[in-house]
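Derivation of every value follows stated rules applied to the coordinates shown; laboratory data play no part. In this text the structure is predicted, and so the values were computed from the model without any measurement. Here the Cβ is made from the backbone with ideal geometry for all residues, glycine too, and neighbour counts use every protein chain on show.
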Amino acid sequence: MPKARPILVLNGPNLNMLGVREPKTYGKSTLRDLEALCKTTAKKLSLTVDCRQSNLEGELVTWIQASRKTHAGIIINAGGYSHSSVAVLDALLLSELPVVEVHISNIYSRESFRHHSLISKAAQGVICGLGIDGYSYALQSMAKLLKSPKAKGKPKG
Ligand code: CA2
């Protein structure tokens, strides 16, 4: 049987600083803790994850483009690029993979410029304000999306 494709878990700019500063907004967990949570959750769901973080918009776009042929779905917290990046949105749309967007903080209770995410248009769902647990919920949703016969990225037949 061919090996199942992993879920790409992408974290954008400044998320490498998790647990180092601003614990009131982003909690005390580090990026390492977040990635460990994703791995544990994925295992329970019989999925695998490929966790990556970049501060560079182009690197995120390149990874998303490549994932089309190598991954089953994308969970993304694009950080500040969520509110500004047409390039990340376009790459997600082009991937034709199921996408779940995550934000650690409640973007709607913060500054108005955070209330709109450009990349949400490419997402099946958005989870925000639940801390790093949001990634675990995103993986649970991804598992369901992948089982659905109408899942994006599934060969039609
Ligand atoms: O709530 C989220 O997950 C955000 O995507 C985080 C982004 C922010 O620009 C979005 O509006 C909402 C910023 C990530 C910055 O992460 C830090 C972590 C620790 C200390 C400082 C920044």
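Using a Gaussian network model of the chain in which every pair of alpha carbons under 10 angstrom is joined by a spring, one finds that among S120, S54, S112 the greatest mean-square fluctuation is at S112.
Where does helix 86-95 land angle-wise versus the long Cα axis of the chain, in degrees 0 to 90, nearest 10? It works out to around 20 degrees. On the beta carbon distance between D90 and K28, with R0 = 25 Å, the FRET formula returns roughly 0.10. The C-alpha atoms of the chain define a longest principal axis, and helix 133-147 lies at about 20 degrees to it.
Taking the chain as a Gaussian network of alpha-carbon nodes connected by springs under 10 Å, the highest mean-square fluctuation of the residues E22, E59, E111 belongs to E111. For the stretch 1-59, just say rounded, prolate or oblate: build the C-alpha gyration tensor, square-root its eigenvalues into a ≥ b ≥ c, call rounded for a/c under 1.5, and beyond that prolate if a/b exceeds b/c, oblate if not. Oblate is the answer for the stretch 1-59, as a/c is 1.5 or above yet b/c matches or exceeds a/b. Rounded to the nearest whole Hz, the Karplus-based 3J(HN,Hα) values (6.51 cos²θ - 1.76 cosθ + 1.60, θ = phi - 60°) of the stretch 6-13 follow the sequence x, 8, 7, 9, 10, 10, x, x, with x at glycine and proline.
Of all aspartates and glutamates in the structure, those lying under 19 Å Cα to Cα from K144, and not within fewer than 8 positions of it along the same chain, are D50, E96, E101, D133. Here the Karplus relation 6.51 cos²θ - 1.76 cosθ + 1.60, evaluated at θ = phi - 60°, turns the backbone of the stretch 73-81 into coupling constants of x, 10, 10, 9, 10, 7, x, x, 5 Hz, with x for every Gly and Pro.
Helical runs (DSSP H, four residues minimum) scored at -39500 (n - 2.57) apiece and divided by the length of the chain put the mean residue ellipticity at 222 nm at -10500 deg cm²/dmol. Taking every alpha-carbon pair within the stretch 34-75, the share separated by more than 10 Å comes to 74 percent.
Given the Cα-Cα distance of S112 and L56 and 0.36 nm per residue of separation, how much length would full extension add, in nm?
Numbers: separation 56, 0.36 × 56 = 20.16 nm, distance 2.39 nm.
Here the segment from S112 to L56 would lengthen by 17.8 nm.
The relative contact order of the stretch 78-155 comes to 37 percent, based on Cα pairs under 8 Å that sit 6 or more residues apart.
Computed over the stretch 73-157, the P(r) tail beyond 16 angstrom holds 51 percent of alpha carbon pairs.
Lysine pairs in the stretch 1-106 8 or more apart or on different chains: how many have alpha carbons under 19 angstrom apart? Spell out each step's value before the answer.
Numbers: K3/K39; K3/K43; K3/K44; K3/K69; K28/K39.
Lysine pairs meeting the criterion: 5.
Charges were assigned to the Cβ only: +1 to each Lys and Arg, -1 to each Asp and Glu. The resulting dipole of the chain about its Cα centre is roughly 680 debye. Over all pairs of different C-alpha atoms, the stretch 29-134 has a mean inverse distance whose reciprocal, the Kirkwood radius, equals 14.3 Å. Counting neighbouring Cβ atoms within 10 Å and putting the fewest first, the residues Y135, Y108 line up as Y108, Y135.
Taking amide H as placed 1.01 Å from N in the peptide plane, the amide H of C51 sits under 5 Å from that of V9, each at least 5 places away or on another chain.
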